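Enquirer: Sending over a structure as structure tokens; questions will come in a sec.
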Amino acid sequence: MDVTASSWLVIALGILGANLPFLNEKLFAVVPLKKALQADGDKGWRKPLALRLLELVILYFIVGAVAFALEARIGNGFPQTWEFYAITGCLFLVLAFPGFVGRYLRKRR
């Protein structure tokens, strides 16, 4: 895989990973939580915001690990300092904005 394809793959994974917690009610879009967390069977159950944010942080590290693996596969991986992680964390939050708006700020009619 060349540099351009791996760069676009990381960008696509970042967009998907940032919006995934807000697009469904399952943990990582795989594990159903409805039966595990609610015993009375209420159909109006929604995943709490804290769980969505925790999932967002975990997905940030997963996307970062994939990006680091692709970088190491292409050539030498460069060491990063805290500034890099602060900027990519903020960028990941910006990429999550459409999913957040769709889940919490859009009017339901």
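Enquirer: Within region 79-97, work out how many residues are without any contact (Cβ under 8 Å) to a residue 60 or more places away in the chain and either surrounded by 13 or more Cβ atoms within 10 Å (Cβ to Cβ) or within 22 Å of A69 (Cβ to Cβ) (or both).
Expert: Total meeting the criteria: 12.
Enquirer: Moving on to the next point. Please determine whether any residue of region 32-47 is closer than 27 Å to Y85 by Cβ, under 12 Å from the mean Cα position of the chain (by Cα) and at pLDDT 80 or above.
Expert: Keep residues of region 32-47 that are closer than 27 Å to Y85 by Cβ, which gives 47.
Those left that are additionally under 12 Å from the mean Cα position of the chain (by Cα): none.
There is no residue in region 32-47 that is closer than 27 Å to Y85 by Cβ, under 12 Å from the mean Cα position of the chain (by Cα) and at pLDDT 80 or above.
The values are calculated or read from the model by the stated rules, or taken from the named source; none is laboratory data. This structure is a prediction, so every number in the text was calculated from the model and none was measured. Using ideal geometry, Cβ is built from the backbone for each residue, glycine included, and neighbour counts are taken over all protein chains shown.
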